[in-house]
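Engineer: Can you read through this structure? Questions will come right after.
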């Protein structure tokens, strides 16, 4: 009898031990996962002193601040690791995380976006900003570029208002007829080439890094860029005239490889977008403030400004050119989209 009592007591004790052990296991919380560390790579052909490159630094600072140091970026400017064409391809392929794209580049895959970089689509900075602030328009751009190009635009940075910049041998230009035969540098994409034709010139595709020597050696006779770019790249040295055509209110789009973007949590995506918006505002303020200052500087360097070009003639010629010389581009344009842009003036 005593043996049975002892055996029962031992069994109760053993069951209690397992019960407490199981309870300990149930109560023990799993170790918290370490927050993900993200190191982005971002390349640009712009030199370190441009607004776009300084905005890259601003983004890095802000994304580190907002993420408590979990997210950062390695920045490469001045074409350190890629040419313009190379960095665009690398971001699509995923060997680079981020690069600056533009409507004229992505239009090869999303044709209607060529209208954004078309001559005289925007009337000025505020009109451009209204368009990109429209959730329906910008959301559609983001979705279409992500799906068809393989990168996700994160913002639209003001690059400046593009003006014609010509060598001395071309002479003063006030009418598109005077651009006939002028070798005008364009990036090597159909929409950019169409833009060169729309200005009346003879489009000559050339990488951005070759423009200065192209102007100096006569391979090209003109190029079009905003005034801050003309100053920073020292295009005033081989050229003589800037024609204030105001033909494109230009933007660049910092964009990220879509697979890389989709690998981030919603929280981290939100941090990146918030940091990029702060960088966008910083970029736009820098770029807008530079234009008047840069004009004065360029005049000091001997540049002659043509302030009275016949803009109506340029606009009319551009419309004719897109419809007749560049149907390969304009044939795929979405005119309802164009009307939505014009309604936001």
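The values are calculated or read from the model by the stated rules, or taken from the named source; none is laboratory data. The structure displayed is predicted, hence computed values, not measured ones. Methodologically, a virtual Cβ is constructed for each residue, glycine included, from the backbone with ideal geometry; neighbour enumeration extends over all protein chains shown.
Engineer: Being part of a strand (DSSP E or B) and in contact (Cβ under 8 Å) with a residue 60 or more places away in the chain is the filter here, so list the residues in region 57-111 that pass it.
Structural biologist: From region 57-111, those part of a strand (DSSP E or B) are 71-76, 98-101; that's our starting set.
Listed by number, the residues that qualify are 71, 98, 99, 100, 101.
Engineer: What is the number of the single condition among (1) in a loop (DSSP other than H, G, I, E, B); (2) modelled with pLDDT of 95 or more; (3) surrounded by 15 or more Cβ atoms within 10 Å (Cβ to Cβ) that residue 40 does not meet?
Structural biologist: Residue 40 satisfies all of (1) in a loop (DSSP other than H, G, I, E, B); (2) modelled with pLDDT of 95 or more; (3) surrounded by 15 or more Cβ atoms within 10 Å (Cβ to Cβ) except (1).
Engineer: Oh, and also: Could you please find all residues in region 298-314 being touching a residue at least 60 places away in the same chain (Cβ under 8 Å), assigned to a helix (DSSP H, G or I) and surrounded by fewer than 16 Cβ atoms within 10 Å (Cβ to Cβ)? Full working, then the answer.
Structural biologist: Within region 298-314, the first condition is being touching a residue at least 60 places away in the same chain (Cβ under 8 Å), and the residues that meet it are 298, 301-311, 313-314.
This time we only want the ones that are assigned to a helix (DSSP H, G or I), so: 298, 311, 313-314.
311, 313, listed by residue number.
Engineer: Please pick out the residue among 132, 158 that is at pLDDT 95 or above, surrounded by fewer than 23 Cβ atoms within 10 Å (Cβ to Cβ) and closer than 17 Å to residue 280 by Cβ. Walk me through it before giving the result.
Structural biologist: Working: 158 fails: surrounded by fewer than 23 Cβ atoms within 10 Å (Cβ to Cβ).
On inspection, the qualifying residue turns out to be 132.
Engineer: Another question about this same structure. Only one of 270, 289 is closer than 27 Å to residue 146 by Cα, under 24 Å from the mean Cα position of the chain (by Cα), free of Cβ contacts under 8 Å to residues at least 12 places away in the same chain and loosely packed, with under 15 Cβ neighbours inside 10 Å; which? Can you show your working first?
Structural biologist: On the way: 289 fails: closer than 27 Å to residue 146 by Cα.
The conditions single out 270.
Engineer: Just the residues that are over 24 Å from residue 189 (Cβ atoms) and either surrounded by 12 or more Cβ atoms within 10 Å (Cβ to Cβ) or modelled with pLDDT of 95 or more (or both), please, taken from region 315-339.
Structural biologist: If the condition is that a residue be over 24 Å from residue 189 (Cβ atoms) and either surrounded by 12 or more Cβ atoms within 10 Å (Cβ to Cβ) or modelled with pLDDT of 95 or more (or both), then 316 is the only one that fits.
Engineer: Among the residues of region 295-318, is there at least one that is in contact with a helix residue (DSSP H, G or I) (Cβ under 8 Å, 6 or more places away or on another chain) and more than 30 Å from residue 201 (Cα to Cα)?
Structural biologist: no
Engineer: Then there's this: Do you know which residues across region 112-137 are over 20 Å from residue 189 (Cβ atoms) and not in a helix (DSSP H, G or I)? Show your work before the answer.
Structural biologist: Step one: of region 112-137, the residues over 20 Å from residue 189 (Cβ atoms) are 123-137.
Within region 112-137, 123, 124, 134 meet the criteria.
Engineer: Right, here's the next one. How many residues does region 232-260 hold that are outside any strand (DSSP E or B) and closer than 18 Å to residue 157 by Cβ? Even if it seems obvious, please write down each step before you answer.
Structural biologist: To start, the set of residues in region 232-260 that are outside any strand (DSSP E or B) comprises 232-240, 258-260.
Those still in the list that are closer than 18 Å to residue 157 by Cβ too: 232-233.
Of the residues in that region, 2 qualify.
Engineer: Could I ask something else about it? Please enumerate the residues belonging to region 46-80 that are touching a helix residue (DSSP H, G or I) at 6+ places or on another chain (Cβ under 9 Å), surrounded by fewer than 16 Cβ atoms within 10 Å (Cβ to Cβ) and at pLDDT below 95.
Structural biologist: Within region 46-80, 47, 48, 49, 78 meet the criteria.
Engineer: While we're looking at this one, here's another question. Does residue 230 satisfy being surrounded by 23 or more Cβ atoms within 10 Å (Cβ to Cβ) and modelled with pLDDT of 95 or more? Please lay out each step first, then the result.
Structural biologist: Details: surrounded by 23 or more Cβ atoms within 10 Å (Cβ to Cβ): yes; modelled with pLDDT of 95 or more: yes.
Spelling it out, residue 230 is indeed surrounded by 23 or more Cβ atoms within 10 Å (Cβ to Cβ) and modelled with pLDDT of 95 or more.
Engineer: Here is a follow-up. Please find, among 140, 181, the residue that is without any contact (Cβ under 8 Å) to a residue 24 or more places away in the chain, in a helix (DSSP H, G or I) and farther than 19 Å from residue 288 by Cβ.
Structural biologist: Values: 181 fails: in a helix (DSSP H, G or I).
Testing whether each residue is without any contact (Cβ under 8 Å) to a residue 24 or more places away in the chain, in a helix (DSSP H, G or I) and farther than 19 Å from residue 288 by Cβ leaves just 140.
Engineer: Do we have any residue at all in region 164-171 that's surrounded by 17 or more Cβ atoms within 10 Å (Cβ to Cβ), touching a residue at least 40 places away in the same chain (Cβ under 8 Å) and part of a helix (DSSP H, G or I)?
Structural biologist: Narrowing region 164-171 to residues surrounded by 17 or more Cβ atoms within 10 Å (Cβ to Cβ): 164-167, 170.
Subsequent filtering for residues that are touching a residue at least 40 places away in the same chain (Cβ under 8 Å) retains 164-167, 170.
Subsequent filtering for residues that are part of a helix (DSSP H, G or I) retains 170.
Yes, some residue in region 164-171 is surrounded by 17 or more Cβ atoms within 10 Å (Cβ to Cβ), touching a residue at least 40 places away in the same chain (Cβ under 8 Å) and part of a helix (DSSP H, G or I).
Engineer: In region 190-227, which residues are modelled with pLDDT of 95 or more, surrounded by fewer than 24 Cβ atoms within 10 Å (Cβ to Cβ), part of a helix (DSSP H, G or I) and touching a helix residue (DSSP H, G or I) at 6+ places or on another chain (Cβ under 6 Å)?
Structural biologist: 197
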